[in-house]
1. How tilted is helix B:269-278 with respect to the longest principal axis of chain B? Cα atoms for both, answer in degrees (0 to 90, nearest 10).
2. Could you give me the percent of Cα pairs per 20 Å distance bin for chain B, shortest bin first, beginning at zero and ending with the bin that holds the maximum distance?
3. If you find the alpha carbon centre of the stretch A:92-124 and of the stretch A:166-192, how far apart are they in angstrom?
4. Determine, for A:114, B:98, A:30, the number of other Cβ atoms within 10 Å of each Cβ, and report the residues in order from fewest to most.
5. Please give the Cα centre distance for the stretch A:221-249 versus the stretch B:140-169, rounded to the nearest Å.
6. What's the ranking of B:169-178, B:54-63, A:88-97, A:162-171 by average number of surrounding C-beta atoms within 10 Å, highest first?
7. Which whole number gives the average count of other chain Cβ atoms within 10 Å of the Cβ atoms across peptide B:43-51?
8. Using Cα springs under 10 Å in a Gaussian network model of chain B, which residue among B:38, B:16, B:242 shows the largest mean-square fluctuation?
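Read-outs throughout are calculated quantities, based only on the coordinates presented, and are distinct from any laboratory measurement. Every value quoted in this text rests on a predicted model; they were computed, and no experiment measured them. We place every Cβ from the backbone using ideal geometry, glycine too, and count neighbours over all the protein chains shown.
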Ligand SMILES: Nc1ncnc2c1ncn2[C@@H]1O[C@H](COP(=O)(O)OP(=O)(O)OP(=O)(O)O)[C@@H](O)[C@H]1O
Ligand SMILES: [Mg+2]
């Protein structure tokens, strides 16, 4: 565990030197900010009309848009995690240090995860302010469940990105492989789920979008938690296996 | 201590090293010498646990490299061929990171001590990206020395250093080699000669010779070689020498000198000098040419090519 932390904290600090990480943080916060302004419009309508045409929620202004942004941001954040070490030769240092392969992969993933959590903490301002403005306050249960969904969703997608980064020497290959996998999980597996009733259980379960939106409505269901946690575990496991295969060439 | 038995590594269908068996003991500095692609880096990567061998095994610091990789890695300091550095870190930050990975009990003391050894104390707070190539090489070396490893494996440790630093680094290695095991690779034959207690000459993945630098030299010197230089025209000199008893393989060199060989037991030089002068040449120089390790190396690597 100590080694995981050593790797993660180096990685975390590295994000604060990385332009890509700043762009990601900027885009997430900007999008949330713009959507927040639209929500304020709805708050203003309330003062004139006496009811909310669209009740402001954390899901609409922060959680859903951020999750959508992560489809592109997560591959950008994870693409260099291990590819870059391979390219610069530092992987040889890490793979000959007294460090298990899984500790390296989990540490890398954790560094990225902690960085994005830092960005998410900043977005908490929005639900807090909304809660003050809206009478009688926003739906706290849905907000908490929504944030939990966002965090689990992010953990899972970053793990997938980490896995591809340990498979590819080229960052851009890692980026696109990750992006394609996300698009599959977010949209494409939803189609057969609707079209083929026999397989709908299976494809429906793979559908990340469905799990995310169901949690955002305030329902914390075990099947959703299991989905995101097992996706995370699979990503980290595949990443570790990829490193081991790399040793064998 | 390093003990390798039958190490073989295939990259796909290409065999990089074949059946390498060798030892390096505590207090010994062993040099890997070989041309590009000989398999030096491959062997070192196997010994340090970076990748497993296809066949064979090895013990490093008393542990099996495959079964007890973590124990081996704890006890080995490794300087890879491409110096593994993070340019965005400071020298201190980088060594602290390595100290943390190695769970060192008092990292700051050990870092200070190591920086002192490699002469980088002043640059401790500087970013690695701002260092010269030689300084980076020394930071890489610091990383390998940091935890006072029992076994030190250095892949071309003096490459890219200026002559003064080369001397310094060789002194560091020699100092460390007194108590611990050092395996280093190099293309520089004089380095192997100066630093190593024993040299393994590698060619195309095989060990073609193994001995102390002195013994290698002696063993391969089947004949003494000498060179004779006269003032002015050396026409006919080669023919003259060829007639002297005991003189073999006479060759006129493009620079005007004449090279010849003779059996180690019978020195023909007095006779050669006499006859040269009697024939009316102005003798300038007559000296022995030792076979350098360089030539031994070329000789060995050429022979093994033919035998393949
Ligand atoms: N990752 C790899 N994939 C495929 N072949 C490789 C790989 N690394 C090395 N080889 C091959 O293995 C052989 C030995 O290479 P190695 O790097 O061990 O040589 P070396 O003695 O270190 O050479 P140099 O003096 O140039 O550093 C070479 O033929 C090389 O082409
Ligand atoms: Mg090499």
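1. 40 degrees
2. That works out to 29, 44, 22, 5, in percent per bin.
3. 20 Å
4. Ranking A:114, B:98, A:30 by Cβ neighbours within 10 Å, fewest first, gives A:30, A:114, B:98.
5. 38 Å
6. A:162-171, A:88-97, B:54-63, B:169-178
7. Values: counts 0, 1, 4, 0, 1, 4, 5, 8, 7.
That works out to 3 on average.
8. Residue with maximal mean-square fluctuation among B:38, B:16, B:242: B:242.
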